[in-house]
Amino acid sequence: MTNTVIHLQPEGSAADINANHDDHGDRQCMSRRNFLLAGGAMITLAAIGLPATADAAPIHALKAAYPKTRIGSLSALKLGVPVDFAYPYPDVRNILVKLGARAGSGIGPAQDIVAFNQQCPHMGGPLDGTYKEKHQVLGPCPLHLTTFDLTRHGMVISGHSTESLPQIVLEVQGDDIYAVGVQGLVYGYSAMTARRA
Ligand code: FES
């Protein structure tokens, strides 16, 4: 469950951000703080409840909202079988998966349906095809072996990454599943406001 507590106003305009991105032609031209506070996408500071199995207090995370996009349906999802989709841009690869265990920000009757980006936040290693149904994890990354817990917002279990896997924020309406935002910064993007250079 997500409880919004604060809405932040962007420090710079979208035009400023895109100009900065183009000038450098790479993905390092904005600080993470500026990305999180940037215009273009609505940035929300939210308190996110961890699943009942987690002992920790609720964590705080920033998320960026994007156009609501239908990515699947409850009835078509099979337990433990990930479905690939692109969001919020055509080259951002993600998986939608029914874990069979309650998850942070999970949707559906069992709150066990989640979606995550498939590029390792450490150095962009491809996590495609590494989902492990038995433990509800993604990984290990083929480059430096980081493994991510999909029941706990993509938290690092082991390996070199110091950042959680970006989680796609989901909503459900009837049988339809929609992506509505991204929590975290997808590897290769200095800001989620423009296509990757
Ligand atoms: S790129 Fe995945 S752990 Fe380094």
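Taking the stretch 122-136 as the range and being more than 8 Å from the ligand (Cβ to nearest atom) and part of a loop (DSSP other than H, G, I, E, B) as the test, the residues that pass are Asp128, Gly129, Thr130, Glu133, Lys134, His135, Gln136. Considering only residues in the stretch 158-189 that are crowded, with 16+ Cβ neighbours inside 10 Å and within 14 Å of the ligand (Cβ to nearest atom), the one that is farthest from the chain's Cα centre (by Cα) turns out to be Gly159.
Filtering the stretch 137-157 down to residues that are part of a loop (DSSP other than H, G, I, E, B) and within 13 Å of Asn94 (Cα to Cα), which residue is nearest to the ligand (Cβ to nearest atom)?
Of the stretch 137-157, the ones part of a loop (DSSP other than H, G, I, E, B) are 139-146, 150-154.
Applying the additional criterion that residues be within 13 Å of Asn94 (Cα to Cα) yields 150, 154.
Numbers: Leu150: 16, Gly154: 13 Å.
Within the stretch 137-157, the match that is nearest to the ligand (Cβ to nearest atom) is Gly154.
Scanning the stretch 70-87 for residues that are closer than 25 Å to Gly188 by Cβ and crowded, with 16+ Cβ neighbours inside 10 Å yields Ile71, Gly72, Pro82, Val83, Phe85, Tyr87.
Yes or no: the stretch 83-91 includes at least one residue that is within 16 Å of the ligand (Cβ to nearest atom) and β-branched (Val, Ile, Thr). Explain how you work it out, then say what you get.
Filtering the stretch 83-91 down to residues within 16 Å of the ligand (Cβ to nearest atom) leaves none.
Taking every residue of the stretch 83-91 in turn, none turns out to be within 16 Å of the ligand (Cβ to nearest atom) and β-branched (Val, Ile, Thr).
If the condition is being surrounded by 18 or more Cβ atoms within 10 Å (Cβ to Cβ), free of Cβ contacts under 8 Å to residues at least 40 places away in the same chain and under 16 Å from the mean Cα position of the chain (by Cα), then the stretch 108-145 contributes Asp112, Gln118, Gly125, Leu127, Gln136, Val137, Gly139. Checked against (1) within 16 Å of the ligand (Cβ to nearest atom); (2) part of a strand (DSSP E or B), Val114 passes all but a single condition, namely (1).
Output the residues belonging to the stretch 88-98 that are surrounded by fewer than 22 Cβ atoms within 10 Å (Cβ to Cβ) and assigned to a loop (DSSP other than H, G, I, E, B). The answer is Pro88, Tyr89, Pro90, Asp91.
Listed here are the residues, each with its yes/no results for (1) farther than 26 Å from Ser190 by Cβ; (2) touching a Ser or Thr at 6+ places or on another chain (Cβ under 9 Å); (3) at pLDDT 95 or above.
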{"residue": "Asp55", "(1), (2), (3)": "yes, no, no"}
{"residue": "Ala64", "(1), (2), (3)": "no, yes, no"}
{"residue": "Lys134", "(1), (2), (3)": "yes, no, yes"}
{"residue": "Pro142", "(1), (2), (3)": "no, yes, yes"}
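The values are calculated or read from the model by the stated rules, or taken from the named source; none is laboratory data. Nothing here was measured: the structure is a model prediction, and the numbers come from that model. Virtual Cβ from ideal backbone geometry, glycine too; neighbours counted across all protein chains shown.
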